[in-house]
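To start, the structure itself, in C-alpha cells.
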Amino acid sequence: MKVQGIILSAAVLLLLHPVSAVKSGDFKTCSQSGFCRRGRAIAARARDATASWKSPYSVDASSVSVSSEEALITAKVQSSLYPDVDFRLEMHVEDDGVVRVRMDEVSGLRKRYDEAADWALVKEPTISSDIRWTAGKKAVSAAYGAGVEVVLEYEPLRVVVRRHGKEQVVINGRGLLHMEHFRTKETPVANEEGLDEQDVMTSLKANAWFEGEDQDAYWEESFSKWTDSKPKGPESLSVDIDFPNHGHVYGIPEHATSLSLPTTTGDDPFFTEPYRLYNLDVFEYIASSPMSLYGAIPLMHAHSAESTVGVFHVVGSETWIDVAHPSPMSSQTHWISESGILDLFILPGPSPDDVFAQYARLTGTAALPAHWALGYHQCRWNYVSSDDVRGVQKQFDEADMPVDVFWLDIEYAEEHKYMIWDQKTFPDPINMTNDVAAFGRKMVAIVDPHLKRAEDYPVYSAARDKGLLIKQSNGEDDFEGWCWSGSSAWVDFFNPDGIEFWAKLFDPRPGKEWSWTQSTEDIYIWNDMNEPSIFNGPEITLQKDAIHYGGWEHRDVHNINGMPLVSAATSTGLIQRGDVRKRPFVLTRSFFAGTQRYGAMWTGDNLGTWEHMAVGIKMVLSSNIAGMVFAGSDVGGFFGNPDAEMLVRWYHVGIFSPFLRAHAHIDTKRREPYLLTEPYKSYVRNILRLRYSMLPVWYTAFRENSETGRPVVRPHYAVFPQDLNGFAIDDQFFLGSSGLLVKPVTRPGVTEETVYIPEDEVYYEYFSHQTYHGSAEGKNVTVPAPLDRVPLLVRGGSIVPTRERPRRSSSLMAQDPFTLRVALSKSGAAKGELYLDDGVTFAHRDGALVWREFIAAKTSKTTTIKSRDLAVEKPFAADLAIYDPANAFSQSIKNVRVEKVIVLGLSGKPSSVMLTGGGELVWEFEEGAGSAGKEERASVLTIKDPKVGIAQDWEVKITL
Ligand code: NOJ
C-alpha cells in the first residue's frame, strides 16, 4: 500500500495492528461502557433492595387483546418510571411450541432498530392457530403440547414458561427489564412538554431507585481517544432471563471458554465481566475469558436432566450477558443490549434435539457443503507466488499426503486490492488455478471487505460512484478508516444494491461492469476482517455513530455486519457465477445467528499453545450447538512455532473438526506437514488419511444437520441429556450420529488418556478393537494415546462407513469402494447411515442422491446385516417429491462396491457367512481375547468383498 508515496509492506502494516499479547486496554470492560454500566447497576440495586424490589413495568390489563384467530396477544405495557411512555408487547406461540415475545416503544421520538430478525430468521415463523389463550384479571395464559404452559403476568410484567408445572424460563422474574425510551437531550422525559429544569430533576430523583441518580453516559461517551457521539441518546435494553430448574447454560458464542458457561458474578477472577457479544478483532486473545471475539450468536441453552430449553434474543447491537448459578440446579442470566427491540424466542425443548430443531426452524441450517470442502485445507499467510503454490502442491504429492484446497492470504493482491493479482508474483493466476484443479483440487482466495481508496481500484471506485459505501456520522460523507490496504472504505451490505454489486464481482465471465475475470470457478472465497476490523477505530472496529442504509447507526447492526457480506453477497455471487450452479464455499470470521446458512467459520487468530488447542475444541462445540456447525480452528495455531509433538496433536484436533484448515501467521516458520521429520511426518500423513477415510461419516453428519439442525460434532449433554456427569464435559465429543467418540489429547507428554463412557454399553477402540465397557452410572476408562494415535472409540451399536484407499484429494475418491465397520452392541445389534451425492451441484435437491441405512440384528445364532434405501423410507426433504432410487447420481456410482465388512464383537466363530441370494462369502475370523468383565480385544470377523454395491439393497447372514 502507498502512504505519501511509500509502499508499505505487510511487516510495516503489522505495526499498525496491535502486536503484543491481548491488550486488554484496547477493549472495553462493562464498566467502561455506559449502557452496560447502567444495566449492571440496575442489577446491583435490585440485589441490594432484595424483597422490596419490584419491576416498574406492568401490563395494562384492559389493553390485553387476543387476535380473532386467538393466536396473537397484544398488550400495552407501561413503566411507573415514565407513565407517559407506552410500550407494546406482542406474544404468540408458533407451530412447534416456540414462544415469541416482542416489545417495542410506541410513538417514541424515534424508531428502535427492529430488523435483526429479518437477517437472522430464515422465514417468518408460522403462528399456531391451535393455541387457546385464557385472559384473566392478573394474567393471560395458554396450555399446549406436552404439559407446557405460557403465562404473561401483568403486575409486574413477567413471562413464565412451565412444563408440568415446573418453571423452565422466567422473563423479568427479578425485575431487571428496562427499555430506555427515546428522549430529547434538554427534556429527559419524553412526551412531557413544559417541564422545567426543576421538574426534570424531580423526575430523575423519583426514578433514581431504578435508574440511578445521574444520566450516566446518555449523550456522549469516550473510550481511550475516541468519542461516540450518541445522537439518539440512551436506548438500551436490559432483561433478566432465568432458568430456575436448570443448572447449566451453554451457547452465546463466540467466547474462548468452557462449553458450560462459568458464572460471571462469583469469585473467579477471570470471569468478573459479563460475556460480551460485540464482534471484534481481538489480537492474541486469551484462552479463557468472557471477552468478545469475532462472532455473536445470541442463543443460549439451559439444561438439566429433566429438560433442555433455549432462548434466542434477536438483537444486533452490542450485548453483555451476566451468568449466575444461585444453586447448582438453577441459572440466572441478565442480558444488556445497547439498542434494538426486545425480540425473544423461548425454545421449550424439552430435549436438546428439540431445541436444535426449534432453532433450525427459525434460523435455518447449514447448507450442505461442497464435499471437497470437508477435505484438508492448506493455508498460510502467505504462499507468495504462483510457483510457491505449485511447489507446495508438488511437495504434498511427493509426501503422499492428501489435500484438497490451497489458500491465498492477502499478499496475492496488489497493494491489498483484493481480486487484483500482484502481477510480479502471480503472473499466471488462471494457469496456477488450473494446475491445482488438475488434481481435483480448489483454491480459496481472501477477499476482505475493506476497499483500498485508490482511483485505479475498480471495486472501490465503482462502489463509491454508485453510492454504496458506509457513511460517516453526518450520513453524507463516505466513511474512511485503516486496514491492510491502508486508507480504506467499506461497502454497506445492509443496502440491497451493495449486495447485488458485490455478488456480481465474482463472475469470471466478462460483462458490462468490472468483475473478476482473472479467476475461475475453482477459486472460492475467504471473507476476513468483517467484524469489521478497522485498525484506527475504537476497539479496532467501526465507530458506532457511522451510518448504514436506512439511516441506521452502526451501533444498531454491528453484530450483524459480517453476515450479509458472506451470505447474500459472496455466497450468492459464487452460486451465480457459472453456467451450472455449484455449491459455494465462503469462510467468514465474523458471524451472527443465521450465518450458518451461507458459510463456514473459524476461531480466528489463536496461539500455538496447548491452552488454545484445548479451548478450540470447546469453541467449535459451542458454535455447533448454536447452529454454526461448519467450524474449526487454525491447525497449529496462528501465532508461534509449535514443536512437532504439538503440531501432530493439533492435526488430531483438526481432523475431528468439521472445518479442517492449517494456517499460520506471516512471521512463523513454514510448517506444512511434509516438512516434518520422521516419525512425525508419517503420523500426520496417517492422521490426514484417517480424515479422508471418514469423509463419508462427515458428509452424512452434515446431511443430518441440514435436515434436523442437530450439530455435526455433539457434546455429551446433547447425546446423553440425562447423564449428569456429562453436562460439563467439553473435551470429548461425538461425531454426528456415527457413534464415533473422540477425545483429542491437548497436553504434552501424554501416552494414555481417560475417556468417559456414559452408558452401560461396550465401546471399541477404533484401531486395535480393544473393548471398553461403560456402566449405567458412567465410567472413566483409560485408553492408549501415544503420539501416533488419537483416542477414538466406536460406540457399540454403530455401523461406520469409510473409504480407505489413500488418494491425493477427495474428488479422486468418488468411485472408491467402502468399508463398513459394524460395532455390535452388547445385545448384538448395530445401525448406521450413509449419505452421498455429487458433492458439487444442487442436483441432490432434485433427488440425485443415495441415502442408505445399514442394520445389524441378531436372532439366536444368526446375525443379519442389511442395507436399505432410506430415501425411499424417509423422503430426504419436504420439497423432494421426485426421489427415484435409480436417479442419475446413484447410476453414476453403480459400480462402487462394499469392499470389506468388519464385524466387531460376535460371540463366537461363524460356521457360515452368506450373501442372501448369493453364496458363501470369503471371510476371516479372529477370536477375541481376555475374560468377561475385563477390558479385552473384540472378536473380529472380516468379510472380504461381499460383492454388493453401496447403493444397492443386500443382506448378509452370519450363522454361528
Ligand atoms: C487476520 C486473520 O484472522 C488471519 O487468519 C489472516 O491471516 C490475517 N488477517 C491476514 O489476512
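Each value in this text was obtained by applying a stated rule to the coordinates, not by laboratory testing. The model shown is predicted, which means the values in this text are computed figures rather than measured ones. Cβ coordinates were reconstructed from backbone atoms using ideal geometry, including for glycine residues, and neighbour counts include every protein chain displayed.
Under the Cβ-under-4.7 Å rule, which cysteines of the chain stay unpaired?
So far as the 4.7 Å Cβ criterion goes, Cys379, Cys483 stand without a partner in the chain.
Can you give me the Cα centroid spacing of the stretch 512-538 and the stretch 677-744 in angstrom?
31
How far apart, in nm, are two points set 7 Å out from the Cα along the Cα-to-Cβ line at Arg110 and at Glu678?
Here the answer is 6.9 nm between the modelled labels.
Run the paramagnetic zone check for His164: 7 angstrom along Cα to Cβ, then residues of the stretch 274-310 with backbone nitrogen under 18 Å.
Backbone N within reach: 303-310.
Given a cut-off of under 8 Å on Cα pairs at least six residues apart, what relative contact order in percent is computed for the stretch 806-894?
Answer for the stretch 806-894 is 25 percent.
Explain nothing, just the number: relative contact order of the stretch 814-960, from Cα pairs under 8 Å at least 6 residues apart, as a whole percent.
29
Along the Cα-to-C-beta direction of Glu213, a point sits 7 Å from the Cα; which residues of the stretch 36-50 have their amide N less than 19 Å from that point?
The answer is 37-49, whose backbone nitrogens lie closer than 19 Å to the label point.
Could you tell me which chymotrypsin sites (Phe, Trp or Tyr not before Pro) in the stretch 702-789 are loop residues by DSSP with no more than 14 other beta carbons within 10 angstrom of their beta carbon?
When the chymotrypsin sites (Phe, Trp or Tyr not before Pro) of the stretch 702-789 are filtered for loop state and at most 14 Cβ neighbours within 10 Å, Phe767 remain.
To the nearest 0.05, how large is the calculated FRET efficiency for Asp643 and Ala829 if R₀ is 45 Å and r is the Cβ-Cβ distance?
Working from the Cβ atoms, E equals 0.50.
Per residue of the chain, what 222 nm ellipticity follows from adding -39500 (n - 2.57) for every DSSP H run with n ≥ 4, rounded to the nearest 500?
Helix contribution divided over all residues of the chain: -5000 deg cm²/dmol.
Just want to confirm a number: the relative contact order over the chain, from Cα pairs under 8 angstrom separated by 6+ residues, in percent.
Taking the mean separation of contacting Cα pairs over the length of the chain, I get 9 percent.
If we restrict to alpha carbons, what Rg and Dmax does the stretch 537-657 come to, in Å?
Values for the stretch 537-657 (Cα only, Rg and Dmax): 17.1, 53 Å.
Please compute the Kirkwood hydrodynamic radius of the stretch 814-960 from all pairs of different C-alpha atoms, in Å with one decimal.
Kirkwood radius, the stretch 814-960: 16.4 Å.
Is the chain best put as rounded, prolate or oblate by its Cα gyration tensor, with a ≥ b ≥ c the root eigenvalues, rounded for a/c under 1.5, and otherwise prolate when a/b is larger than b/c, oblate when not?
oblate
Considering the Cα positions of the stretch 484-604, please state its Rg to one decimal place and its Dmax as a whole number of Å.
Reported Rg and Dmax, both Å: 14.7, 44.
Lys512: which lysines have alpha carbons under 21 Å from its alpha carbon, excluding same-chain residues fewer than 8 sequence positions away?
Lys417, Lys466, Lys504
If you take the square roots of the eigenvalues of the alpha-carbon gyration tensor of the stretch 132-180 and sort them as a ≥ b ≥ c, do you get rounded (a/c under 1.5), prolate (a/b over b/c) or oblate?
Oblate, because a/c is 1.5 or more while a/b does not exceed b/c.
Between the stretch 319-333 and the stretch 134-164, how far is it from one alpha carbon centroid to the other, in angstrom?
Between the Cα centres of the stretch 319-333 and the stretch 134-164 lies a distance of 23 Å.
According to the Cα gyration tensor, what semi-axes, each the square root of 5 times an eigenvalue, does the equivalent ellipsoid of the stretch 679-811 have, listed from largest to smallest in whole Å?
24, 20, 13
Run a plain Debye calculation on the stretch 47-117 (Cα atoms as equal point scatterers, no solvent) and give log10 I(q)/I(0) at q = 0.14 Å⁻¹, rounded to two decimals, same order as the q list.
Results for the stretch 47-117 at q = 0.14 Å⁻¹ read -0.58.
Once the Cα atoms of helix 610-625 and of the chain are each reduced to a long axis, what angle between those two axes, in degrees from 0 to 90 to the nearest 10, is obtained?
80
Name the GluC sites (Glu not before Pro) in the stretch 887-951 that are in a loop by DSSP and that have at most 15 other C-beta atoms within 10 Å, would you?
Glu927, Glu935
Taking the alpha-carbon distance from Lys894 and a cut-off under 24 Å, which lysines remain once sequence neighbours fewer than 8 residues away in the same chain are dropped?
Within the straight-line cut-off, Lys894 pairs with Lys582, Lys831, Lys866, Lys874, Lys944, Lys947, Lys957.
So in the chain, what percent of DSSP beta bridges are antiparallel if you round to the nearest 5?
Within the chain, antiparallel bridges account for around 85 percent of the total.
For Lys424 and Glu70 in the same chain, what is the full-extension length gain: residue separation times 0.36 nm, less their Cα-Cα distance, in nm?
Going from the current span to full extension adds 120.6 nm.
With label points built 7 Å along Cα→Cβ from the Cα atoms of Gln518 and Ser461, find their separation and express it in nm.
1.5
With each pseudo-label sitting 7 Å past Cα toward Cβ, what's the Asn474-Asp118 distance in nm, one decimal?
2.8
Could you tell me the calculated FRET efficiency between Lys137 and Thr272, based on Cβ-Cβ distance and R0 = 41 angstrom, to the nearest 0.05?
According to the calculation, E is roughly 0.40.
What is the distance in Å between the Cα centres of the stretch 411-471 and the stretch 228-267?
Each part reduced to its Cα centre gives a spacing of 39 Å.
Which trypsin sites (Lys or Arg not before Pro) does the stretch 111-181 hold that lie in a coil by DSSP with at most 16 other beta carbons within 10 Å?
Listed in order of number, the matching sites are Lys111, Lys123, Arg132, Lys137, Lys138.
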